[in-house]
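In what follows, a single structure is set out as structure tokens and then discussed.
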Amino acid sequence: TLVYRAGGLLGAGFAAAAPRLRTIQAGTVPRFDPAATPPTLIFWAAAWGLRTGDHEEMRLIGPNGQVLTRAHATVPGDRAEWLRYIGRPRPPGGWPRGRYRGLYRVTRTTEAGRVTITETAVEMTVP
């Protein structure tokens, strides 16, 4: 039995530069490589089936648990596919070692109240 889903996640990850939707669809987004000393850490998420008024929340969390950057936005119109990203410039001493986390969630207000359409948590470690 097929179950209707109102929207979902196409993918999420970390990159050194803002990806494009076509590279995400092709699976060719360059991975974040801290050894290459990239100038920016980008957390990206791509979703499908978003509707006008859906609410997005993104957070990029550093190794010490500190929120490095966050974003909240309302989807401006119905979107078959949608890409959002946030980032942080490399600190003067380089990227601190440890685990970095990216969190993404989309919620929608329905007759039953606010429901989560999709959410994910992605992790990477800087050795």
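The values are calculated or read from the model by the stated rules, or taken from the named source; none is laboratory data. A quick note: this is a predicted structure, and the numbers were derived from the prediction, not measured. Every residue, glycine as well, gets a Cβ built from its backbone with ideal geometry; the counts of neighbours run over all protein chains shown. Keep in mind that these areas ignore ligands, DNA and RNA; they rest on the heavy atoms of the full protein, side chains included. Shrake-Rupley method; radii C 1.70, N 1.55, O 1.52, S 1.80 Å.
Per this entry, TRP82 is counted among residues that are open to solvent by 30 Å² or more (accessible area, probe 1.4 Å), touching a helix residue (DSSP H, G or I) at 6+ places or on another chain (Cβ under 9 Å) and assigned to a strand (DSSP E or B). Among the residues of region 1-14, those that are in contact (Cβ under 8 Å) with a residue 60 or more places away in the chain, outside any loop (DSSP other than H, G, I, E, B) and surrounded by 15 or more Cβ atoms within 10 Å (Cβ to Cβ) comprise LEU9, LEU10, ALA12, GLY13, PHE14. Of all residues in region 85-107, those that are surrounded by fewer than 12 Cβ atoms within 10 Å (Cβ to Cβ) have Cβ atoms under 9 Å from Cβ atoms of residues that are assigned to a strand (DSSP E or B), 6 or more apart or on another chain, in PRO89/THR40; PRO89/LEU41; GLY94/VAL126; ARG97/THR125; ARG97/VAL126. Report, by residue number, each residue of region 19-56 that is within 24 Å of ARG97 (Cα to Cα), out of contact with any Leu (no Cβ under 9 Å at 6 or more places or on another chain) and in a loop (DSSP other than H, G, I, E, B). Once the filter is applied, which keeps residues that are within 24 Å of ARG97 (Cα to Cα), out of contact with any Leu (no Cβ under 9 Å at 6 or more places or on another chain) and in a loop (DSSP other than H, G, I, E, B), region 19-56 yields VAL29, PRO30, ARG31, ASP33, THR37, PRO38, PRO39. How many residues, within region 1-42, are closer than 23 Å to THR107 by Cα, more than 16 Å from the chain's Cα centre (by Cα) and of a type in the set (Gly, Ala, Ser)? Going through region 1-42 one residue at a time, the tally reaches 1.
Entry remark, region 30-58: residues being surrounded by fewer than 20 Cβ atoms within 10 Å (Cβ to Cβ), at negative phi and among the β-branched types (Val, Ile, Thr) number 2 in total.
When residues in region 108-119 are screened for being in a strand (DSSP E or B) and surrounded by fewer than 16 Cβ atoms within 10 Å (Cβ to Cβ), 7 of them pass.
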